[in-house]
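Read the structure below first, then the notes.
The values are calculated or read from the model by the stated rules, or taken from the named source; none is laboratory data. Predicted, not measured: the structure shown is a model, and the values here were computed from it. Here the Cβ is made from the backbone with ideal geometry for all residues, glycine too, and neighbour counts use every protein chain on show.
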Amino acid sequence: MSTEARGKVRVEGGKYRLNGKFHYAFPNDPIRNEEGELMGVTNPRDVTHIHMYGGEAPFFENLSKGKLLGTKCENPDCDAHGSVFVPFRIHCPDCLWKNTIVDMTETANKGASVHTFMITERTGAFNTLEKPIRFVNVEFEGVSTILMGYLPVGEPEMGMKVVPIFQTKSPTFTIIDLAWVPQGTLESELPEGFSFG
Amino acid sequence: MITFSKQQLKVPEMSKPVYLVTGGMSKFGRSIPEKRTEELVIDSFIEAAEFIGKTPADLKRYIHSCYYGHFADHFGDQLLGESVIHDRLGLDPLGNIGIKTGGATGGSTLWEAFKTVASGYSDCVLAMGWERMDEVPTDEGNHYIASAADKDWETPLGHIYTGYYAVMAQKYWQVFGKEEESFRKTMAEIAVKNRGYARMNPHAQGPMKITVEDVINSPVVAHPLRALDCCLMSVGASCAILADEKTAYELTDNPLLVYVAAGSHTLRVADRRDMDIPLLPNETPDQYKDLGERFPGGDRYPGFTGFLAARMAAYYAYRMAGVVDPNKDFDLVELHDAFTISDIQSYEDVGIRPYGEGRTYVESGDCYHTNPYTGKPGELPANLSGGLIGNMHAVGATGIMQTIEVAQHIWNRWAEMHGDDKKWEAFGREKPADWTDLQVKGAKRGMAISHAGVGSHVTSTILVHPDYQLERRQS
Ligand SMILES: [Zn+2]
């Protein structure tokens, strides 16, 4: 199956413009037991989904530019007024006002620390991260939430200071474009494609 | 700091009492290649009918609407799988609906069934849950499960749900477990206990006679969790029949009062915001003031260590049923032991122990059928079915299985349903020579907790023998 032929999408005039193949069909195979009796069949398939980011698109676009965006509720009448959300929330979870986008890159560079972490050798199908994965949950000064990410350099510890790094050279435009490294890590130690932004 | 309104915290009011009439379950296994899902569903329905001396056709005549718990369309590879089951059970033209709330699907199915009877819409309903997780290889199964996390913010990170969960385990382990060897052993004890009880259960997929050392030496999944700390992935079905008082007593002379309540919390753990601890009837506002001093790092609630959804399910359900102290008011519980450490966390969320002290429920011996330190009956035996670690986690069926297991104790029919040689034989399983009757003597009340993933949904199902109702106080 050639990847050139794999489906690509553009939005033009508010409509999807599709090019290439979005699914590949393969024949079924019988499943038999040791007596040779039919028990079932395999159902192979390969499908490309289309997924729109909507109001979160600026977050994923900016990762590729080395920026970490959050959002903030600026409704003066909201209980959560002034709360900053990372993960980026399009609307305030309390008043449902449209949040204001704020650049959290500097805050993250100064004061992010590991709230908790986990190291795992196990992954699921379609994983592209190198194993073991070191999950880190990062808290920032002045942010009401705790962001999940991964630490490709160093060993995690609770309370450890970390800074964000970004897949700016060949971005995937997904959350794996954002990672964290211990404060003081050198640019030369970063994984391929990553920079400090 | 976020708060909840008076309206949101209202104790649920039901128009009429609801009864559990009967229930049943299939065999559970990691794979059951010789049967289609509907065959397992029918097995569980027949068990439920026979339990009250009815034929399936007799029992079906009473049912007015149907509630189907099936979590993962991906695993089933069949959208509207509920309709397939409904048709194969021959329950047309009754209204039916599918329910999916991750790991809490079974409990949520009971919740819907319960409200339907309580409202008067139906006099008698079927709650049926199932899951089939054996039709993809394990790594694709892991991806499917990880698809229940946020697909933009979490799933691409390893496609491994355990990873999203284990960060919470790590936090609890360091803050409340203080990384103590003794705490590690307490976790392992739960795995030993639940797998040991599973040996007495012919339905169970994961019976094992093991030691604390076996658990601690099993392969690391995600530190501090090891393979034997984790629950099973299963195939199987379980069902319950709920009815109003009149119908319940037409069907059986011994129905149980049932109460179900539900809570929720953010799908992404990352979105959790700080709040005051919502208190259960056996707690006081002062008792958690020094939690952060006693457990440095433990002052953020729920942080990554508490399950607000479980706390709220208990908050509503205890007040509905008149429960003040779960240790005194319940005779047994079935908890959602997805991992040994999350089992400990839930002791605190549901008020069996105060926050920070969950481990003492195990260390005191209170959680055992027979307290190993005193030789007397455990104060509040937990997961005598074997739980998710020893019996099964066929997601959509789990919360229903737990409820039926509790009910069989209150009905004083546990030994009949677990000791029958014919059942062991029919399931192709060998009854152990040291098979032990785990019936909780004189059980009158109990609870089952059904819990989704990192805590997005939790239900509390309380069963009460009608002669032993608790007085409902105003909270
Ligand atoms: Zn707001």
Which of the strands (runs of 3 or more DSSP E) found entirely inside segment B:188-282 contain at least 1 residues meeting this: touching a His at 6+ places or on another chain (Cβ under 7 Å) and either basic (Lys, Arg) or touching a residue at least 40 places away in the same chain (Cβ under 8 Å) (or both)? B:256-264
Scanning segment A:166-189 residue by residue, those part of a loop (DSSP other than H, G, I, E, B) and within 12 Å of another protein chain (Cβ to nearest Cβ) turn out to be A:THR172, A:PHE173, A:THR174
Go through segment B:255-287 residue by residue and tally those that are more than 14 Å from chain A (Cβ to nearest Cβ), surrounded by 17 or more Cβ atoms within 10 Å (Cβ to Cβ) and either within 15 Å of B:ALA407 (Cα to Cα) or hydrophobic (A, V, I, L, M, F, W, C) (or both). 10
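Could we say that B:ARG445 is modelled with pLDDT of 95 or more and surrounded by fewer than 20 Cβ atoms within 10 Å (Cβ to Cβ) here? Explain how you work it out, then say what you get.
Working: modelled with pLDDT of 95 or more: yes; surrounded by fewer than 20 Cβ atoms within 10 Å (Cβ to Cβ): no.
Answer is no for this residue.
Residue-wise test of (1) among the aliphatic types (A, V, I, L, M); (2) closer than 27 Å to B:TYR165 by Cβ.
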| position | (1), (2) |
| --- | --- |
| A:THR145 | no, yes |
| A:VAL153 | yes, yes |
| A:PRO164 | no, yes |
| A:GLN167 | no, yes |
| A:SER188 | no, no |
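Within segment B:441-475, track down each residue that is within 18 Å of the chain's Cα centre (by Cα) and not in a strand (DSSP E or B).
The answer is B:ALA452, B:GLY453, B:VAL454, B:GLY455, B:SER456.
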Considering only segment A:82-89, I want to know if a residue exists there that is free of Cβ contacts under 8 Å to residues at least 24 places away in the same chain, within 16 Å of the ligand (Cβ to nearest atom) and surrounded by 12 or more Cβ atoms within 10 Å (Cβ to Cβ). yes
Of the numbered conditions (1) closer than 29 Å to A:LEU178 by Cα; (2) more than 16 Å from the ligand (Cβ to nearest atom); (3) more than 12 Å from chain B (Cβ to nearest Cβ); (4) in a loop (DSSP other than H, G, I, E, B), A:HIS49 fails exactly one; give the number of that condition. (3)
What's the number of the condition B:GLU471 fails, among (1) at pLDDT below 95; (2) within 30 Å of B:TYR144 (Cβ to Cβ)? (2)
Residue, farthest from the ligand (Cβ to nearest atom), within segment A:90-135, restricted to residues that are small (Gly, Ala, Ser) and without any contact (Cβ under 8 Å) to a residue 12 or more places away in the chain: A:ALA125
Mind telling me which of the residues B:TYR355, B:TYR361 ends up being touching a Cys at 6+ places or on another chain (Cβ under 6 Å) and either surrounded by fewer than 24 Cβ atoms within 10 Å (Cβ to Cβ) or of a type in the set (Ser, Thr, Tyr) (or both)? B:TYR361
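So that you can scan it fast, the table gives a plain yes or no per residue for (1) within 30 Å of B:GLU416 (Cβ to Cβ); (2) touching a residue at least 40 places away in the same chain (Cβ under 8 Å); (3) more than 14 Å from chain A (Cβ to nearest Cβ):
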position	(1), (2), (3)
B:VAL41	yes, yes, yes
B:ALA49	yes, no, yes
B:PRO56	yes, no, yes
B:TYR62	yes, yes, yes
B:LEU91	yes, no, yes
B:THR101	no, yes, yes
B:ALA113	yes, yes, yes
B:ALA127	yes, yes, yes
B:ALA146	no, no, no
Among (1) within 15 Å of the ligand (Cβ to nearest atom); (2) surrounded by 11 or more Cβ atoms within 10 Å (Cβ to Cβ) - the single one A:ASP77 does not satisfy: (2)
Among the residues in segment A:1-20, are any within 29 Å of A:GLY193 (Cα to Cα), within 16 Å of the ligand (Cβ to nearest atom), small (Gly, Ala, Ser) and surrounded by 11 or more Cβ atoms within 10 Å (Cβ to Cβ)? no
Does B:GLY158 qualify as being more than 14 Å from chain A (Cβ to nearest Cβ), touching a Gly at 6+ places or on another chain (Cβ under 8 Å), of a type outside the set (Val, Ile, Thr) and closer than 25 Å to B:ARG30 by Cβ? no
Restricting to segment B:1-35, give me the number of residues that are aliphatic (A, V, I, L, M), more than 30 Å from A:ASP94 (Cα to Cα) and within 14 Å of chain A (Cβ to nearest Cβ). 1
Inside segment A:36-46, can you point out the residues that are more than 12 Å from every other protein chain (Cβ to nearest Cβ) and modelled with pLDDT of 95 or more? A:GLY36
Tell me yes or no: at least one residue of segment A:89-106 is touching a strand residue (DSSP E or B) at 6+ places or on another chain (Cβ under 6 Å) and within 12 Å of chain B (Cβ to nearest Cβ). yes
